[in-house]
Amino acid sequence: MATEGAGAMSRLVFLGPPGAGKGTQARELSHELGVPPIATGDMLREAVTAGTALGRQAKTYMDGGMLVPDDVIVGLIAERLSQPDAKRGFVFDGFPRTIPQAEALDELLQERAQTLDRVISFEVSEAELLRRLTGRRSCPVCQSTYHVISAPPRREGICDRCGSPLIQRDDDREATVRHRLNVYAEHTRPLLEYYRRRGLLTTVPGEGPIEAVRAVLRRVVGGAV
Ligand code: AP5
Ligand code: MG
Ligand code: ZN
């Protein structure tokens, strides 16, 4: 783990449409900052794999590209924020994604006498989002993501990090991807204005090499990461 630089931000939200690169960047940057990445999509997929009540409830929504109800998500986040590692900070990936979720987060942080440091929105064209999602391959075990063309694993079909066979996510079929993009526009895009009004929003270009996007993020969060 890298040492946290003086003044580096530690309570971050990554916002952006499906395929924007939130997960790709959150996993690396959170590691550099020494805080956990908290990805509601990953948490839900783990619950689906484990076959828990939460997983069974979430699966229908996720397969259809619809949002899981706010109360379920807020309960999940409340529990996650209570774990000791989240005291140092977090990088939220895929949460919040509705106004009620953002309001619930404000309350949860207030109870802990904390505030968000920054909300970073990734801007990527729709054509590029479609290209990324339809070519994405994911590790069902450690949740790493790859792309058949732009970020292939060292051995075809095998996760670099843990050696598991890669899969295509059920919601990465083109029709479902289009639906997820519409859901983003309707329910999540209003959060840009919500955070802009609070002076918390920074938008970054999400296109270009993964490393170049990461360099921009490092500058935004500051500190010697
Ligand atoms: P979730 O898992 O959060 O999916 P998402 O928001 O649709 O976002 P993705 O994971 O698809 O995209 P990403 O931005 O992480 O992109 P990635 O880094 O993988 O949610 C899934 C479902 O769970 C939702 O539909 C909903 O049902 C439910 N859910 C989750 N959270 C919820 C909430 N808060 N409320 C309600 N429901 C919720 O990158 C994509 C691809 O592009 C990869 O192949 C990657 O290798 C590649 N790539 C990344 N960066 C680059 C680059 N710079 N250049 C080229 N390729 C790149
Ligand atoms: Mg993701
Ligand atoms: Zn893996």
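Using the beta-carbon distance between Ile149 and Arg112 and R0 = 30 Å, what value does 1/(1 + (r/R0)^6) give for FRET efficiency, to the nearest 0.05? Rounded to the nearest 0.05, the efficiency is 0.10. In this Cβ point-charge picture (+1 for Lys and Arg, -1 for Asp and Glu), segment 70-173 has a dipole of about 680 debye about its Cα centre. With bins 5 Å wide beginning at 0, the percent of Cα pairs of the chain falling in each bin runs 1, 6, 14, 19, 21, 19, 12, 5, 1, 0.
The calculated FRET efficiency for Glu28 paired with Glu186, based on their beta-carbon distance and R0 = 30 Å, is about 0.50. Charged side chains reduced to their Cβ positions (Lys and Arg at +1, Asp and Glu at -1) give segment 28-83 a dipole of some 220 debye around its Cα centre. About its Cα centre, the dipole of the chain is roughly 380 debye, where the only charges are +1 on Lys and Arg Cβ and -1 on Asp and Glu Cβ. Here r is the Cβ-Cβ distance between Gln57 and Glu126 and R0 is 35 Å; the resulting FRET efficiency, rounded to 0.05, is 0.70. Gain on full extension, evaluated as 0.36 nm per residue between Glu193 and Arg219 minus their Cα-Cα distance, stands at 7.1 nm. Simple spin-label estimate for Thr203 and Ala78 gives 3.4 nm between the two label positions (7 Å along the Cα-to-Cβ direction from each Cα). Counted by Cβ distance under 10 Å from Asp42, the other residues give a net charge of 0, where Lys and Arg count +1 and Asp and Glu count -1. Positive end of the dipole of segment 121-225 (Cβ unit charges, origin at the Cα centre): among Gly206, Cys159, Val220, the Cα lying farthest that way belongs to Val220. With the simple model of a label 7 Å out from the Cα in the direction of the Cβ, Arg88 to Ile210 spans 2.3 nm.
No value in this document is a laboratory result; all are computed from the given coordinates. Computed from a prediction, not measured in an experiment: that's the story for all the values here. Neighbour counts run over all protein chains shown; Cβ positions are idealised from the backbone, glycine included.
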